[in-house]
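Right, one structure below, let's go through it.
Derivation of every value follows stated rules applied to the coordinates shown; laboratory data play no part. This structure is a prediction, so every number in the text was calculated from the model and none was measured. Ideal geometry is used to build each Cβ from the backbone, glycine not excepted, and the neighbour counts take in all protein chains shown.
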Amino acid sequence: MTLLLLVSSLWGHTSFATTLERHWERPIAFQGKPPEGFSPLEASLNPKACGTCHPIQFVDWQGALHSRSMGPGVVGQLMDLREDVQGVVGCMTCHAPMDEQIDEFLDGRLPEGVAFPDDRGLYLTGVSCGVCHVRGHVRYGPEPRIRRPMEGVPHGGFKVSRIFEESRFCAPCHQFPEDGYSLNGKPLENTYREWLESPYPGEGKTCQSCHMPERRHTFKGIHDPGFTRKGVRVEARVDVEGEKVAGVVRVINEGAGHYFPTYVTPLVVVRVYQVDMEGRAIDGTFEEGKIGRYLPLDLSHEIFDTRIPPKGSYDLEYRRELKGRALKVEVTVYPDEFYTRFYQSMLARGLARRGKALIEEALRNSLSSPYILYQETIPLIP
């Protein structure tokens with residue numbers, strides 16, 4: 001079994017603000033026939049069409065993981081699942097949930113009447129503009145900050161809904177159901193619940209506060225070093241007593257509104273070791289700690305869960321004989337650690353057939369994603 005299968009008026013408020021479930025019924029139903037007078041551009045579901053009038057949002061989205069939610073790792077797996085329609089739909093329900101996208105992937109072509117398709121394939125646009133903002137060719141969005149004249153507004157403008165600025169808007173894809181697949185009493189993805197149980201709701205801080213600052217569509221997360229450093233702080237304290245070195249490295253989740261890391265795919269490794277005068281590591285001086293929710297590839301059980309809750313911390317103690325001139329502290333983030341193991345296993349076992357080239361690409365991508373979050377060299381001998 002693969003990983004994917006396991007797991008009113010122009011500015012008027014619309015009533016679906018109180019029915020999030022209706023907005024997020026998935027797969028997202030076919031848009032249907034465009035309203036009379038819509039140009040091909042207005043009827044399009046292609047993000048490039050949206051970028052014609054919303055260039056900043058389009059460029060932000062292009063650099064975000066939402067635009068790559070149907071990346072080579074997902075598509076490579078789905079290539080070998082194409083005959084399992086139910087399985088494909090289950091995966092694409094979050095990764096590319098519009099009926100137009102799903103039909104295109106399954107049939108190899110866009111449904112008739114879909115205007116201005118993406119030349120790469122509409123399904124490859126993943127979580128695109130239309131996934132969040134378009135239902136039945138009607139555009140929805142948050143309250144506008146600037147009121148503009150209504151005359152000549154493309155696609156009849158949009159309808160306002162406050163749910164776009166609430167954390168619960170993100171939950172359908174970022175919170176697995178309580179009665180869904182769980183380990184140790186925790187859903188495989190539990191991000192919304194982690195936020196809900198944190199101090200941040202009481203402080204008025206939503207998912208959008210961090211991941212969409214100033215309504216930017218960057219959706220930055222653990223793959224971005226700068227963004228991650230804003231949420232996590234590292235402190236190192238070391239003492240030398242005679243021939244002994246003792247200390248502690250503390251990783252503090254002071255800004256992430258959920259556990260750090262929140263999902264099962266990343267792993268954060270804290271390494272402490274002594275170095276000689278040339279900066280070379282000295283054998284026998286290493287101490288290592290791992291922060292994450294670590295699972296086997298079959299997702300059968302939880303090996304460990306050392307993730308840091310909001311406002312919490314993780315300590316790695318260090319006690320060794322003094323052998324070096326300095327102590328090196330490194331915190332390395334492996335955003336795709338689980339995927340790396342998973343793709344390697346797929347290829348080694350010959351499970352990737354039609355999608356083999358894509359899985360190989362996904363493996364290369366996952367191997368290139370680690371970065372050093374924190375690094376410090378602390379002198380031990382004056």
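Some observations on this one:
- Residue within the range 195-207 that is aliphatic (A, V, I, L, M) and under 27 Å from Glu302 (Cβ atoms) present: yes
- The range 212-263 - residue that is among the acidic types (Asp, Glu) and more than 25 Å from Pro379 (Cβ to Cβ) and, of those, surrounded by the fewest Cβ atoms within 10 Å (Cβ to Cβ): Glu214
- Some residue of the range 216-233 being farther than 28 Å from Phe58 by Cβ, over 18 Å from the mean Cα position of the chain (by Cα) and not in a loop (DSSP other than H, G, I, E, B): yes
- Taking the range 248-359 as the region of interest, the strands (runs of 3 or more DSSP E) fully inside it that hold 1 or more residues being touching a helix residue (DSSP H, G or I) at 6+ places or on another chain (Cβ under 8 Å) and within 30 Å of Tyr192 (Cβ to Cβ) are 267-275, 326-334.
- Hey, Pro35 in contact with a His (Cβ under 9 Å, 6 or more places away or on another chain), surrounded by fewer than 17 Cβ atoms within 10 Å (Cβ to Cβ), of a type outside the set (A, V, I, L, M, F, W, C) and more than 22 Å from Ala171 (Cβ to Cβ) or not: yes
- Unmet requirement for Asp283, which otherwise passes all of (1) buried (at least 16 other Cβ atoms within 10 Å of the Cβ); (2) out of contact with any Leu (no Cβ under 9 Å at 6 or more places or on another chain): (1)
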